[in-house]
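Input: a single structure, listed below in structure tokens.
The values are calculated or read from the model by the stated rules, or taken from the named source; none is laboratory data. Fair warning: this is a prediction, and the values are worked out from it, not measured in the lab. All Cβ positions, glycine included, derive from the backbone under ideal geometry; neighbour counts span all protein chains shown. These accessible areas exclude ligands, DNA and RNA; they are computed on the full protein's heavy atoms, side chains included. Shrake-Rupley method; radii C 1.70, N 1.55, O 1.52, S 1.80 Å.
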Amino acid sequence: MKLFVSGFSPIDQYVEEEIKIRRANFQELVVQKLESTDILKNPTYIQNDDVLICGATIFEVFKKINVRGQLVPLRVQTSDFLKALGQAALVGEEVNIINYKEVFLKNDLAELERVFNVKIHQYYYPDTESADALIDELLEKKQSIVIGSGLIVSKALEKGMKGFIWYGKESVKVAVDIAFNLLLTRFEEQSNHKRQEYILDHFNDGVISLNVVGRIIQINQKAVELLGLQKYRDIRGLSIKEIDEFDFLSEYLKNSASIKDKLLEYQNKTLYINSFPITVKGENDGSVIIISDAVEIQKHEKKIRRKLYDDSNRAIYEFDDIIGKSEVMEKLKYKAKKFAKTDANVLIIGESGTGKELFAQSIHNASSRSKEPFIAINCAAIPENLMESEFFGYNEGAFTGAIKGGKPGLFELAHKGTVFLDELGEIPLSMQSKLLRILQERVVRRVGSATSIPIDVRIIAATNVNLLEQVRQGKFRLDLFYRISVLNLKLPSLNERKQDLEDLVLSYTLRKHPNFMSVIERWIKEITKQLNQYQWKGNIRELENNLERFFAYLESPVNITKQDVLNNLIETLEDNNFLSIKQVPDHESYQTIIKEAEINTIKRVLKKTNGNKKDAAEILGMSRSTLWRKLSETDASKL
């Protein structure tokens, strides 16, 4: 888009002065001066979006030869004309006013002649070719002063006459105002058009806009792809009747009625189609068609559902959700609330089932990071060979199976929030050094990337093993231990807080079996007395499992007696003792027990196959390499 100026000096200088005043709002505007003769030789040089300021006479000529763009003719302002007349009167007694096609002044000239003390003659020329002849005629009449447009004045000066242009600063200001208003409108139109194109081209659906006779006004790239219209170089302006690919829609577009939620098969695709009529002042003005790929809709729906129902990235528990009024629990909650006010890393120590994640989530929700992600990671659940890519993410092509575009890691997703590392003691030494680097430098580097990504996360870790003992055994880094255990919470076992049993039973009943609430409340003292006699190796988790079995035995709260309640509770606890085949030593983790059970199974199968590892691997449903690895980890291969 350009602004062209065509005019005789000093008009061009006036225009430049006015443009400078307004230029601040049009930083990218190109201003160019053109001689009228150049435009006459090449009328197509002016483009549709350009604006041209020119004299009134040449304006008529440019219109005749169909010069494009917006033409703004200079219009004579009264103040400018009077100024030119006054200047002319100072140098001569007779003045010739020359206009295009008609005389300039329509009223009686006597008053002007009296005021300016000059004789006024008026002439006009029907076309530019006759302008020279008119100047020559004036010379023959011994006339020497001319007032008129830039064209007339330039011709008079060439013949030795004195000339005064009747366009002054006021005339130019009016013309420039009009030109800039046109430019502003053009800029806004272009901006809106580009914005619409951007929106349409980034739409997930195909969009086609038709006029009232079915010609395509606008179509986005998605619609071209869905309908396979790439072979058409410029599809805008074509009628859909001329395009074979629209045949499957012709039946539905006959009568300007809208299409609602229509599923149609097209070129091995299922398309979901809607159309909406456009009405302007009560009259039909075309329609808009929205086309979607049904398979893509289903994919998007699945993603949305996963995001809506995936609670893994947010903390749902708060301190009020932690049940227990015992002195040890009250002190613990008070301490944890103080920890929540800081940003230091926290290590939560406690047996399995004591509520370590419950405390971690509560600390997060009471902290300044509560509105940010809470990413919980079970370190024992992630295979060692996948741990680095899960923790730190990976770039596209980092390894076989890496998804296109790569994937952010869990630490990256937790930016500004909290990472909860559950079962911290299960992290292998190879990963401990990388985790330490994150804690020290606050950056992550995706697998396959040379670029570090700054992160801001708080670490809350939990363990049910003695980490200092693991440090002594060389299984855990001492520097990592100190980085993580800035603040410590030691959670008591259920056996250390049995005075909370009553509240725990009532809370569980209210949450899971509210129809039994009146029964449990009636005999809660007797129930907790019985539960107090039991040793809770599995802590809260074991208690809840027993309560669930207990309610299953009760079946219904109707017509139930105290003896029924106590008998079923005793039976529940006896069943639990029967199920607890192996007591877990205090120094062992449940992961250790699981590994021992796995090795015992491998031993039995190897004995059955007389030590044939290939047959044993087939029976166990694992590869020989996996079997070899498990044997090497436990030295079972020596057996």
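Only residues that are touching a residue at least 12 places away in the same chain (Cβ under 8 Å), in a helix (DSSP H, G or I) and not β-branched (Val, Ile, Thr): list them for segment 140-157, please. Spell out how you get there, then give the answer.
To start, the set of residues in segment 140-157 that are touching a residue at least 12 places away in the same chain (Cβ under 8 Å) comprises 143-156.
Right, trim to in a helix (DSSP H, G or I) and you get 150-156.
Residues satisfying the conditions are Gly150, Leu151, Ser154, Lys155, Ala156.
Condition check ((1) under 30 Å from Asn274 (Cβ atoms); (2) in contact (Cβ under 8 Å) with a residue 40 or more places away in the chain) across all residues:
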{"residue": "Gly168", "(1), (2)": "no, yes"}
{"residue": "Ile199", "(1), (2)": "yes, no"}
{"residue": "Val207", "(1), (2)": "yes, yes"}
{"residue": "Ile216", "(1), (2)": "yes, no"}
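Is it the case that Gln535 is open to solvent by 80 Å² or more (accessible area, probe 1.4 Å), in contact (Cβ under 8 Å) with a residue 40 or more places away in the chain and outside any helix (DSSP H, G or I)?
Working: open to solvent by 80 Å² or more (accessible area, probe 1.4 Å): yes; in contact (Cβ under 8 Å) with a residue 40 or more places away in the chain: yes; outside any helix (DSSP H, G or I): yes.
Answer is yes for this residue.
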Looking at the structure I just gave you, is Gly69 open to solvent by less than 30 Å² (accessible area, probe 1.4 Å) and closer than 21 Å to Lys155 by Cβ? no
Return yes or no: is Val174 out of contact with any strand residue (DSSP E or B) (no Cβ under 6 Å at 6 or more places or on another chain), hydrophobic (A, V, I, L, M, F, W, C), touching a residue at least 40 places away in the same chain (Cβ under 8 Å) and buried (at least 16 other Cβ atoms within 10 Å of the Cβ)? yes
Condition met for Phe116 (on the phi < 0 side of the Ramachandran plot, among the aromatic types (Phe, Trp, Tyr) and open to solvent by less than 60 Å² (accessible area, probe 1.4 Å)): yes
Of the numbered conditions (1) in contact (Cβ under 8 Å) with a residue 24 or more places away in the chain; (2) more than 18 Å from Ala376 (Cα to Cα); (3) acidic (Asp, Glu), Glu423 fails exactly one; give the number of that condition. (2)
Give the residue that is most open to solvent (accessible area, probe 1.4 Å), with candidates limited to residues of segment 488-513 that are outside any helix (DSSP H, G or I) and in contact (Cβ under 8 Å) with a residue 60 or more places away in the chain. Lys490
Considering only segment 610-626, how many residues are at pLDDT below 80 and in a loop (DSSP other than H, G, I, E, B)? 3
Considering only segment 428-449, I want to know if a residue exists there that is assigned by the TED database to the domain that holds His364, of a type in the set (A, V, I, L, M, F, W, C), part of a loop (DSSP other than H, G, I, E, B) and at negative phi. no
Answer residue from segment 353-381, given it is touching a residue at least 60 places away in the same chain (Cβ under 8 Å) and of a type in the set (A, V, I, L, M) and is surrounded by the fewest Cβ atoms within 10 Å (Cβ to Cβ) among those: Ala380
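Going by the conditions given, is Ser518 in contact (Cβ under 8 Å) with a residue 12 or more places away in the chain and in contact with a Lys or Arg (Cβ under 9 Å, 6 or more places away or on another chain)? Even if it seems obvious, please write down each step before you answer.
Numbers: in contact (Cβ under 8 Å) with a residue 12 or more places away in the chain: yes; in contact with a Lys or Arg (Cβ under 9 Å, 6 or more places away or on another chain): no.
Taking the combined requirement at face value, the residue does not satisfy it.
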Whether any residue in segment 32-43 is at pLDDT below 80 and either under 47 Å from the mean Cα position of the chain (by Cα) or not in a loop (DSSP other than H, G, I, E, B) (or both) is what I want to check. yes
In segment 327-352, how many are among the charged types (D, E, K, R) and crowded, with 20+ Cβ neighbours inside 10 Å? 1
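Might you let me know whether segment 541-552 holds any residue that is outside the structural domain of Lys335 (by the TED database), part of a loop (DSSP other than H, G, I, E, B) and surrounded by fewer than 17 Cβ atoms within 10 Å (Cβ to Cβ)?
Of segment 541-552, the ones outside the structural domain of Lys335 (by the TED database) are 541-552.
Narrowing further to those that are part of a loop (DSSP other than H, G, I, E, B): none.
Scanning segment 541-552, I find no residue that is outside the structural domain of Lys335 (by the TED database), part of a loop (DSSP other than H, G, I, E, B) and surrounded by fewer than 17 Cβ atoms within 10 Å (Cβ to Cβ), so the answer is no.
Name the residue, out of Glu245, Glu265, that is touching a Leu at 6+ places or on another chain (Cβ under 7 Å) and either in a strand (DSSP E or B) or open to solvent by less than 60 Å² (accessible area, probe 1.4 Å) (or both).
Details: Glu265 fails: touching a Leu at 6+ places or on another chain (Cβ under 7 Å).
Only one candidate qualifies: Glu245.
Kindly establish whether Ser518 is surrounded by fewer than 20 Cβ atoms within 10 Å (Cβ to Cβ), in a helix (DSSP H, G or I), assigned by the TED database to the domain that holds Leu410 and hydroxyl-bearing (Ser, Thr, Tyr). Step through it out loud before you land on a result.
Working: surrounded by fewer than 20 Cβ atoms within 10 Å (Cβ to Cβ): yes; in a helix (DSSP H, G or I): yes; assigned by the TED database to the domain that holds Leu410: no; hydroxyl-bearing (Ser, Thr, Tyr): yes.
Against the criterion (surrounded by fewer than 20 Cβ atoms within 10 Å (Cβ to Cβ), in a helix (DSSP H, G or I), assigned by the TED database to the domain that holds Leu410 and hydroxyl-bearing (Ser, Thr, Tyr)), Ser518 does not qualify.
This table checks each residue for (1) within 54 Å of the chain's Cα centre (by Cα); (2) polar (S, T, N, Q); (3) over 23 Å from Lys333 (Cα atoms).
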site	(1), (2), (3)
Val486	yes, no, no
Leu491	yes, no, no
Lys498	yes, no, no
Ser507	yes, yes, no
Phe516	yes, no, yes
Glu526	no, no, yes
Gln535	yes, yes, yes
Asn568	no, yes, yes
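Would you mind stating whether Tyr45 is without any contact (Cβ under 8 Å) to a residue 24 or more places away in the chain and either surrounded by 12 or more Cβ atoms within 10 Å (Cβ to Cβ) or not aromatic (Phe, Trp, Tyr) (or both)?
Values: without any contact (Cβ under 8 Å) to a residue 24 or more places away in the chain: yes; either surrounded by 12 or more Cβ atoms within 10 Å (Cβ to Cβ) or not aromatic (Phe, Trp, Tyr) (or both): yes.
When the stated conditions are applied, Tyr45 passes them.
Open to solvent by less than 70 Å² (accessible area, probe 1.4 Å), within 30 Å of Phe187 (Cβ to Cβ) and of a type in the set (A, V, I, L, M), is that true of Val76? Spell out how you get there, then give the answer.
On the way: open to solvent by less than 70 Å² (accessible area, probe 1.4 Å): yes; within 30 Å of Phe187 (Cβ to Cβ): yes; of a type in the set (A, V, I, L, M): yes.
The answer is yes for Val76.
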Could you check Leu82 against (1) in a helix (DSSP H, G or I); (2) farther than 14 Å from Tyr167 by Cβ and say which number it fails? (2)
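Looking for whichever is of a type in the set (S, T, N, Q), crowded, with 17+ Cβ neighbours inside 10 Å and outside the structural domain of Glu102 (by the TED database) here; the options are Asn211, Asn192, Asn220, Asn181. Which one fits?
Result: Asn220 is the single residue among Asn211, Asn192, Asn220, Asn181 that is of a type in the set (S, T, N, Q), crowded, with 17+ Cβ neighbours inside 10 Å and outside the structural domain of Glu102 (by the TED database).
Tally time: how many residues in segment 79-102 are among the small types (Gly, Ala, Ser), without any contact (Cβ under 8 Å) to a residue 40 or more places away in the chain and farther than 25 Å from Val174 by Cα?
1
Can you tell me which residue among Lys595, Lys529 is open to solvent by 70 Å² or more (accessible area, probe 1.4 Å), modelled with pLDDT of 90 or more and more than 16 Å from Thr509 (Cβ to Cβ)?
Numbers: Lys595 fails: modelled with pLDDT of 90 or more.
Just one listed residue meets the conditions, Lys529.
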Scan Ala402, Ala462, Ala450 and give me the residue that is modelled with pLDDT under 90 and surrounded by 14 or more Cβ atoms within 10 Å (Cβ to Cβ). Ala402
